[in-house]
Amino acid sequence: MSENTNEPQYDFGIMGLGTMGRALLLNMADHGNAVCGWNRDPSKAQAVQEETGGKVGGFSDLGLFVAAIRKPRAIMILVPAGGPTDGVLQGLHPYLDPGDFVIDGGNAHFKDTERRITEMGEFGFGFMGMGVSGGEKGARYGPSMMPGGTPEQYERIRPILESVAAKYDGEPCVALMGARSGGHYVKMVHNGIEYAVMQLIAETYDILHRAQGRGNDDLAQMFGRWNQGELQSFLVEITSIVLAEKDGDKSLVDLISDKAKSKGTGKWTSQDAMDLGMPVPSIDAAVNAREVSGYKGDREAAEKLYGTPLLGNVSDIAEGDLEKALLASMILCYAQGLAQIRAASDEYKYGTDLPTVAKVWRAGCIIRSRELAHIQAAYANRTDLPNLLLDQDYSRRLHDLIPALRKVVVSATAAGIPIPAYAASLNYFDSYRTGRLPANLIQAQRDLFGAHTYERLDKEGSFHTQWE
Ligand code: NDP
């Protein structure tokens, strides 16, 4: 491990050499950056130094680590969100000098990032929240990164981030996502969309595998084919890999417990969408679906009580219907997430540019897909576009795709196969394109029991009726 040196010799440091920190540090070193890492467990610090032949410094002594970085220092934290991040910041505090700059690359809640910006600022330290996406491989060979902060702060770390970021047509997938916690907000919604698309793919697999009896090898090939077309995306691609994986003579996926875990970013997306009054039903459905999956014992007991669904009823759903339904729903998930980011940008004054968000998501991140280039073009074409559904090109494409989504929802629902994300996506579309919803009746009911008043279509003003 690195010993005390007289002169600081590194330009950038990373704290937390777990999956992401280690991979990003090695990526930075590969691109010629003078970097070092710190980990509380010395073995990880030692390992990173040894495997790079000493090119990367490894420390478990915080004082030595900080002293080895040139001033004003730039240090990134990649540890679990919440308490561990606060703990690391507290430990780091005494060693920092005014003007030093800390970047939290973990999946922090954006409200924690707001607090930390204030707390660190009081001591003259810069603090920036940055979302990093792409998992271990992404961090190692090219992540998508979503920093938030001021243009001056971003400029300070732009060269190193651009050197390691994923590239799309030569453009680095990193850009300033907005002021203050804007980067963590965009990353949170990215994860919300990720939950929704994963759930949609799982529902597709359920219809084809459990109901239609198609084997995993066959489905691995099908997802591989889909990945060559309009559905081309990281999540479709890895589904093909997952379904092809064997454990002995069995498919590994068949041996994996059907209880999905989560770390909270999907739930946070839904929670803040509700606070903003922004509908994101596909994301809500995906969060709920993971929660329902956790009640394995109850589900098994209920299956005995109610019997298995009428699986044969989905025989009319063709592979091509699901391909179109998945594409339509994916588009609807992006539409919901981006509309939420626009609302958050207005509410929290982030100044987020949606074409830039779509641009940064085109490569490196978990929700990267061919579709994002079209989405970027739609928002670049009309920067005040309130929702992707109002774009002319998207309206033409959805006209073509929605009948297949409707067929999937109708048949799967009739058969008793749970498709919460497909149904939520279709209902989002149907609600959004309905000029007159039955909310008039809700307003009347509210006025009857709570004198909440209502507005009328034929007169200006606010009205109350003495209902009989
Ligand atoms: P890991 O669990 O692989 O590594 C966590 C690291 O944090 C380890 O180095 C660990 O040290 C250190 N750590 C944990 N608790 C403390 C603490 N209290 N004090 C000091 N160090 C601590 O996590 P990841 O690398 O996967 O994730 C890091 C961050 O990146 C998280 O916020 C995560 O949400 C985010 N992220 C993860 C992605 C992924 O795909 N894994 C993708 C995008 C973001 P030690 O070795 O000593 O335990």
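Here are some notes:
- Residues in the range 303-318 that are closer than 14 Å to P418 by Cα and surrounded by 10 or more Cβ atoms within 10 Å (Cβ to Cβ): E303, P309, L310, L311, N313, V314.
- Candidate set: the range 175-199, residues that are among the β-branched types (V, I, T) and over 22 Å from R116 (Cα atoms); chosen: the one nearest to the chain's Cα centre (by Cα): I193
- First in the range 272-286 and free of Cβ contacts under 8 Å to residues at least 60 places away in the same chain, second anywhere and buried (at least 23 other Cβ atoms within 10 Å of the Cβ) and outside any helix (DSSP H, G or I), Cβ under 9 Å, 6 or more apart: M274/V280
- Criterion (free of Cβ contacts under 8 Å to residues at least 40 places away in the same chain, loosely packed, with under 14 Cβ neighbours inside 10 Å and within 10 Å of the ligand (Cβ to nearest atom)) met by exactly one of D41, D86: D41
- Number of residues in the range 136-168 that are of a type in the set (F, W, Y) and touching a residue at least 40 places away in the same chain (Cβ under 8 Å): the value is 2.
- For the range 12-38, filtered to residues that are part of a loop (DSSP other than H, G, I, E, B) and either hydroxyl-bearing (S, T, Y) or under 20 Å from R158 (Cβ atoms) (or both), the residue that is farthest from the ligand (Cβ to nearest atom) is G32.
- Scanning the range 44-71 for residues that are in contact (Cβ under 8 Å) with a residue 40 or more places away in the chain, part of a loop (DSSP other than H, G, I, E, B) and farther than 11 Å from Y10 by Cα gives a single hit, S60.
- Test: residue in the range 373-386 that is under 30 Å from R299 (Cα atoms) and either part of a helix (DSSP H, G or I) or of a type in the set (A, V, I, L, M) (or both): no
- Meets criteria (hydroxyl-bearing (S, T, Y), farther than 21 Å from V408 by Cα, outside the structural domain of A108 (by TED's automatic domain parsing) and part of a loop (DSSP other than H, G, I, E, B)) for S270: no
- The number of residues in the range 430-456 that are surrounded by 11 or more Cβ atoms within 10 Å (Cβ to Cβ), among the basic types (K, R) and closer than 30 Å to S329 by Cβ comes to 1.
- Options G224, G229, G213; residue that is outside any helix (DSSP H, G or I) and without any contact (Cβ under 8 Å) to a residue 60 or more places away in the chain: G213
- Here T269 clears all of (1) at pLDDT 95 or above; (2) out of contact with any strand residue (DSSP E or B) (no Cβ under 8 Å at 6 or more places or on another chain); (3) away from the ligand (no atom under 16 Å from the Cβ) except the condition numbered (3).
- Residue match in the range 191-206 (condition: surrounded by fewer than 14 Cβ atoms within 10 Å (Cβ to Cβ) and either assigned by TED's automatic domain parsing to the domain that holds L326 or within 16 Å of the ligand (Cβ to nearest atom) (or both)): no
- Number of positions in the range 115-134 that are outside any loop (DSSP other than H, G, I, E, B) and crowded, with 17+ Cβ neighbours inside 10 Å: 11
- Selection from the range 136-162 of residues that are surrounded by fewer than 14 Cβ atoms within 10 Å (Cβ to Cβ) and either touching a helix residue (DSSP H, G or I) at 6+ places or on another chain (Cβ under 9 Å) or part of a helix (DSSP H, G or I) (or both): K137, P151, E152, E155, P159
The values are calculated or read from the model by the stated rules, or taken from the named source; none is laboratory data. As the structure is a prediction and not an experimental result, all values here were calculated from the model. Note that we place each Cβ from the backbone using ideal geometry, even for glycine, and neighbour counts take in every protein chain shown.
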